[in-house]
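**Student:** Can you keep this structure in mind? I'll have questions shortly.
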Amino acid sequence: MILDEAQRIKNWKTKIAQSVKKIRSPYALVLTGTPLENKLEELYSIVQFVDPFKLGPYYQFLDHYQIKNETGRVVGYNHLHEISRMLSDIRLRRTKKEVLSQLPVRMDKNLFVSMTEQQTDSIEENPDENMEPTLPGISGDDDVPIPVGAEPPASSATSPPVPEPAELISKGLGFLSGKAFGK
């Protein structure tokens, strides 16, 4: 059995993880582009699909490798090199540096979204001449306002030109930036 997007089973409590782990197969392969080492519990859940006995009992695994404070909160980890060694025969890990030349060229796409009347009114009532408008309630690195007059990031030939903030406001549009990979 081949399980792509294996991070979908990182939380062993979910119905997806429990259902997938009921499927029996003499062979199991998991694929993921998401780092597995973010939490030991997540790593354990994914490894359990490949080999349910590889890491031993769950409680012993966590007790041996987690450092907890007096309240029981995880504050660190012990002996991570042991985990790496235990998984060396079943894990293939390639770093971004190793595969960067195989990845497609990055493409930036600009998505224009009509602003609500409330958003337009808010911008008109509180103009900030130094920032481009962004949609309220949207968070993330892509939505950080860029100072007006700053050079836009380099984009591929397929990206449309970035309009001026005044042009966006006059058309009742807010600006979101999306990143995608494509050929």
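**Student:** From the list Glu82, Glu42, Glu70, Glu98, which residue is touching a Lys or Arg at 6+ places or on another chain (Cβ under 9 Å) and of a type outside the set (S, T, N, Q)?
**Tutor:** Working: Glu82 fails: touching a Lys or Arg at 6+ places or on another chain (Cβ under 9 Å); Glu70 fails: touching a Lys or Arg at 6+ places or on another chain (Cβ under 9 Å); Glu98 fails: touching a Lys or Arg at 6+ places or on another chain (Cβ under 9 Å).
Selected residue: Glu42, the only one of Glu82, Glu42, Glu70, Glu98 that is touching a Lys or Arg at 6+ places or on another chain (Cβ under 9 Å) and of a type outside the set (S, T, N, Q).
**Student:** Same structure, new question: Taking the range 91-111 on its own, how many of its residues are in contact (Cβ under 8 Å) with a residue 60 or more places away in the chain and surrounded by 13 or more Cβ atoms within 10 Å (Cβ to Cβ)?
**Tutor:** 4
**Student:** Residue check, Phe61 against (1) surrounded by 14 or more Cβ atoms within 10 Å (Cβ to Cβ); (2) modelled with pLDDT under 90, all met but one. Which one?
**Tutor:** In the conditions (1) surrounded by 14 or more Cβ atoms within 10 Å (Cβ to Cβ); (2) modelled with pLDDT under 90, Phe61 misses (2) alone.
The values are calculated or read from the model by the stated rules, or taken from the named source; none is laboratory data. None of these values were measured; they are calculated from a predicted model. Cβ: placed from backbone, ideal geometry, glycine included. Neighbour counts: every protein chain shown.
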